[in-house]
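Down below is the structure, laid out as structure tokens.
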């Protein structure tokens, strides 16, 4: 989520009153956000990515004032005057960055704080909603430095004086040598031929879009009129961004004027400041929030969240604020009403169900076995399902089997198949921890994989390994018998031979006449192959055949 830094003095000036740290944090919390930290000068606030209008102090102050019922401004309109400037859009930008919008702010009374707030907002907005300027980018220009109308086109390698420089540079040099050029140049570069989207007045380029503005139109705290260009890949997105900015400049006390955009012999005015309404029955809002609120209270809560609202028939019509890019349908409005009401005052409601949920028998048994193994002094491991033939078969002395699930077109020799048993994974764990003190006892309860009748099969298995100079068969047999007794499983134990174990010191486990596992002392050859120097005992067993059938 975006994190913003807000100058508290500037914020309180916009709100019209000071407040202590606790009160500010409380308002932010009630709105659904969080103050990460604050000191005397600034507050660091985490904002959800959908609330783009809160990425600066102006939008945050507007929302807090509404929440405090200190604002009576619920919609923003631009006077119907002659557009302040005309932008001609050339066909050449169609395949590169086709859409442009903008606005002009007059009678500005900027300060260093308000200007910095604007710049920080544009950077954060273009980084998040703008996808690092690829979807949307915006630029601020001193309107007094612009000569005549503007042309937006994709030109060849022109020259201009980039922001912060004194000498002219070609567009190509900006992409290669300037920090912003290197950072965002990939947005407009083309492998075959590079055309540079630019915005120009009668004296030449004022911006290399979406990279860098010109020094000639640089804005400062003394700027009294400003032109803002917004370009991108989505016509809807650039137009809505212009509406958001228009609302912010109005809240700063500026007079906002529209711009004329001419494309393909057609002209439109921007920002449109679209009037949009969503109608919601009172019963639906109350039902989904879970509280009987009443008509008058819903209207008050709507005002508290920045909406103008009124009754239309048997529904309430909510006028969507022009700066709220996140409002899509009625559900978003209802959520805002719930925030205004306060989640602390909404009682929990039981969820209707036809049948209660319950754990599967397998899950209960797995958890029980896990608790037993931990109680016996073993540490639980979690390993990858992926392995290779050497670890899974060769090191344990097993033949490579056709029932294993192999990976097709594997890019590495270390990952070629799905494991067929768990013990090799535990032995690798112990190899990596061989420098630690002994004894070491580890176990894993998880899945292994195989192929049966051409279909993949998943099976749960339990494996455990104990490494100690005194490890022996009798020790492991006592542990296995204790584990089975505690789990309530009756298994027969009989002599068994396995390539990974010492002959005569291995036994198998059978449940209801079916072999389900084996245990014993690991062969020195096996231990050497896995890089383990101490004696070790181990067990591996299948769990699927012994799971309880019913609760």
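The values are calculated or read from the model by the stated rules, or taken from the named source; none is laboratory data. Treat the numbers as computed from the prediction; the structure is a model and nothing was measured. Here Cβ is always computed from backbone atoms with ideal geometry, including for glycine, and neighbour counts include all displayed protein chains.
Would you confirm whether or not the stretch 225-248 contains a residue that is part of a loop (DSSP other than H, G, I, E, B), modelled with pLDDT of 95 or more and either touching a helix residue (DSSP H, G or I) at 6+ places or on another chain (Cβ under 7 Å) or farther than 28 Å from residue 10 by Cβ (or both)?
yes
Within the stretch 26-39, is even one residue within 17 Å of residue 122 (Cα to Cα) and crowded, with 16+ Cβ neighbours inside 10 Å?
No, because not a single residue in the stretch 26-39 is within 17 Å of residue 122 (Cα to Cα) and crowded, with 16+ Cβ neighbours inside 10 Å.
crowded, with 18+ Cβ neighbours inside 10 Å and closer than 23 Å to residue 535 by Cβ, is that true of residue 448?
Considered against the rule, which asks whether it is crowded, with 18+ Cβ neighbours inside 10 Å and closer than 23 Å to residue 535 by Cβ, residue 448 comes out as no.
Here is a list: 448, 464, 478, 510. Which entry is touching a helix residue (DSSP H, G or I) at 6+ places or on another chain (Cβ under 8 Å) and within 23 Å of residue 370 (Cα to Cα)?
464
Determine which single condition residue 105 fails, assuming it passes every other condition in (1) touching a helix residue (DSSP H, G or I) at 6+ places or on another chain (Cβ under 6 Å); (2) surrounded by fewer than 21 Cβ atoms within 10 Å (Cβ to Cβ); (3) farther than 21 Å from residue 189 by Cα.
For residue 105, the exception is condition (2).
Taking the stretch 359-374, which residues are in contact with a helix residue (DSSP H, G or I) (Cβ under 9 Å, 6 or more places away or on another chain) and in contact (Cβ under 8 Å) with a residue 60 or more places away in the chain?
362, 365, 368, 369, 372, 373
Taking the stretch 484-508, which residues are assigned to a strand (DSSP E or B) and more than 50 Å from the chain's Cα centre (by Cα)?
Listed by number, the residues that qualify are 492, 493, 494, 495, 502, 503, 504, 505, 506, 507.
Would you please name the residue that is nearest to the chain's Cα centre (by Cα), looking only at residues in the stretch 458-483 that are in a helix (DSSP H, G or I) and surrounded by 19 or more Cβ atoms within 10 Å (Cβ to Cβ)?
483
Working carefully through the options 205, 197, find the one that is under 12 Å from residue 160 (Cβ atoms) and either surrounded by 24 or more Cβ atoms within 10 Å (Cβ to Cβ) or assigned by TED's automatic domain parsing to the domain that holds residue 106 (or both).
Only one candidate passes the filter, namely 205.
Scan the stretch 281-303 for residues that are surrounded by 16 or more Cβ atoms within 10 Å (Cβ to Cβ) and assigned to a loop (DSSP other than H, G, I, E, B) and jot them down.
Hits for the stretch 281-303 are 291, 293.
Among the residues of the stretch 305-327, which ones are free of Cβ contacts under 8 Å to residues at least 60 places away in the same chain and surrounded by 15 or more Cβ atoms within 10 Å (Cβ to Cβ)?
Within the stretch 305-327, 309, 315, 316, 317, 318, 320, 327 qualify.
Out of 331, 355, I need the residue that is more than 30 Å from residue 50 (Cα to Cα) and outside the structural domain of residue 478 (by TED's automatic domain parsing). Which one?
After applying the criteria, what remains is 355.
Does residue 447 satisfy the condition of being outside any helix (DSSP H, G or I), in contact with a strand residue (DSSP E or B) (Cβ under 6 Å, 6 or more places away or on another chain) and under 21 Å from residue 543 (Cα atoms)?
Against the criterion (outside any helix (DSSP H, G or I), in contact with a strand residue (DSSP E or B) (Cβ under 6 Å, 6 or more places away or on another chain) and under 21 Å from residue 543 (Cα atoms)), residue 447 qualifies.
Inspect all residues belonging to the stretch 427-442 and state whether any of them is more than 27 Å from residue 503 (Cα to Cα), surrounded by 15 or more Cβ atoms within 10 Å (Cβ to Cβ) and in the same structural domain as residue 374 (by TED's automatic domain parsing).
no
Go through (1) modelled with pLDDT of 95 or more; (2) over 27 Å from residue 236 (Cβ atoms) and name the single condition residue 141 misses.
Of everything listed in (1) modelled with pLDDT of 95 or more; (2) over 27 Å from residue 236 (Cβ atoms), residue 141 misses just condition (2).
Among what's in the stretch 399-425 and is touching a helix residue (DSSP H, G or I) at 6+ places or on another chain (Cβ under 8 Å) and assigned to a loop (DSSP other than H, G, I, E, B), pick the residue that is surrounded by the most Cβ atoms within 10 Å (Cβ to Cβ).
Looking at the filtered set, the residue picked out is 419.
Which residue out of 84, 43 is without any contact (Cβ under 8 Å) to a residue 60 or more places away in the chain and either at negative phi or under 29 Å from the mean Cα position of the chain (by Cα) (or both)?
Step by step, each of 84, 43 is checked, and only 43 is without any contact (Cβ under 8 Å) to a residue 60 or more places away in the chain and either at negative phi or under 29 Å from the mean Cα position of the chain (by Cα) (or both).
Is it the case that residue 534 is under 24 Å from residue 435 (Cα atoms), assigned by TED's automatic domain parsing to the domain that holds residue 428 and without any contact (Cβ under 8 Å) to a residue 60 or more places away in the chain?
no
Exactly one of these conditions fails for residue 278: (1) modelled with pLDDT under 95; (2) farther than 30 Å from residue 86 by Cα; (3) within 30 Å of the chain's Cα centre (by Cα); (4) outside any helix (DSSP H, G or I). Give me its number.
(1)
Quickly run through the stretch 511-533 and pick out the residues that are under 48 Å from the mean Cα position of the chain (by Cα), surrounded by fewer than 16 Cβ atoms within 10 Å (Cβ to Cβ) and assigned to a loop (DSSP other than H, G, I, E, B).
Answer for the stretch 511-533, where residues must be under 48 Å from the mean Cα position of the chain (by Cα), surrounded by fewer than 16 Cβ atoms within 10 Å (Cβ to Cβ) and assigned to a loop (DSSP other than H, G, I, E, B): 531, 533.
Would you be able to tell me the number of residues in the stretch 328-356 that are touching a residue at least 40 places away in the same chain (Cβ under 8 Å), within 17 Å of residue 300 (Cβ to Cβ) and part of a helix (DSSP H, G or I)?
8
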